[in-house]
Amino acid sequence: MNRLPTTVNLHKKSIIPSPTYQLCNTCPEDTDHIFLACPLASASWGLIQVLHMLTSLSEIHTIHWSGDLPERLNSTFFLLCCWRLWNHRNEVVFQHLAPSINRLLRCCANDAKLWANRFKLADQAVLPSWLASFSSPLHLM
């Protein structure tokens with residue numbers, strides 16, 4: 001619903017002078033750029049091999065999942081990844097940490113373990129697949 005405090009939204013409200021995304025310094029920072037188009041986001045989706053590239057979050061209902069993830073809780077997996085992308089963005093902007101796909105994927109795996117503890121027992125079976133999707137690219141780096 002475009003309510004995140006992105007630089008585009010903050011710029012519209014005259015809170016900040018520029019709408020440029022500080023993570024990659026290439027485009028205005030809107031939700032589609034943060035979660036889909038930013039080179040870091042795009043590379044992370046490619047590494048975990050689960051998402052056909054969307055051009056807009058408004059197309060989320062058209063996601064065609066690939067890879068080895070079970071279909072159960074796919075939307076939760078997508079939200080976990082977006083949550084981590086948002087947190088990674090905040091680490092870069094506010095804590096001045098360098099962008100790192102390695103750190104992003106490790107945090108995704110750690111959060112997946114935490115989130116799975118809140119799942120129903122039958123749904124916790126997705127955790128090994130989720131962890132594998134985050135861990136496999138880390139072994140290649």
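Looking at Leu140, is it open to solvent by 40 Å² or more (accessible area, probe 1.4 Å), at pLDDT 95 or above and more than 15 Å from the chain's Cα centre (by Cα)?
The answer is no for Leu140.
Would you confirm, using the coordinates I've provided, whether Leu4 is within 20 Å of Gln95 (Cα to Cα), open to solvent by 20 Å² or more (accessible area, probe 1.4 Å) and within 13 Å of the chain's Cα centre (by Cα)?
On the way: within 20 Å of Gln95 (Cα to Cα): yes; open to solvent by 20 Å² or more (accessible area, probe 1.4 Å): yes; within 13 Å of the chain's Cα centre (by Cα): no.
Answer is no for this residue.
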For Lys113, work out the one condition from (1) under 18 Å from Ser135 (Cβ atoms); (2) open to solvent by less than 60 Å² (accessible area, probe 1.4 Å) it doesn't fulfil.
(2)
In the set Gln22, Gln49, the lone residue that is touching an Asp or Glu at 6+ places or on another chain (Cβ under 8 Å) and in contact (Cβ under 8 Å) with a residue 40 or more places away in the chain is Gln22
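Only one residue in Leu73, Leu105 is open to solvent by less than 70 Å² (accessible area, probe 1.4 Å), closer than 27 Å to Thr7 by Cβ and aliphatic (A, V, I, L, M). Which one?
Leu105
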Report yes if Leu40 is open to solvent by less than 20 Å² (accessible area, probe 1.4 Å), closer than 26 Å to Pro5 by Cα and either touching a Lys or Arg at 6+ places or on another chain (Cβ under 9 Å) or assigned to a helix (DSSP H, G or I) (or both), otherwise no.
no
Scope region 55-106; condition within 22 Å of Ser135 (Cα to Cα) and of a type in the set (Ser, Thr, Tyr); matching residues:
Ser66, Ser75, Thr76, Ser100
Of the residues in region 9-37, how many are assigned to a helix (DSSP H, G or I) and farther than 19 Å from Asn87 by Cβ?
2
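The values are calculated or read from the model by the stated rules, or taken from the named source; none is laboratory data. Computed from a prediction, not measured in an experiment: that's the story for all the values here. Reconstructed Cβ throughout: ideal geometry from the backbone, glycine too, with neighbour counts over all protein chains shown. Remember, those area values only see protein heavy atoms, side chains included, never the ligands or the DNA or RNA. Shrake-Rupley method; radii C 1.70, N 1.55, O 1.52, S 1.80 Å.
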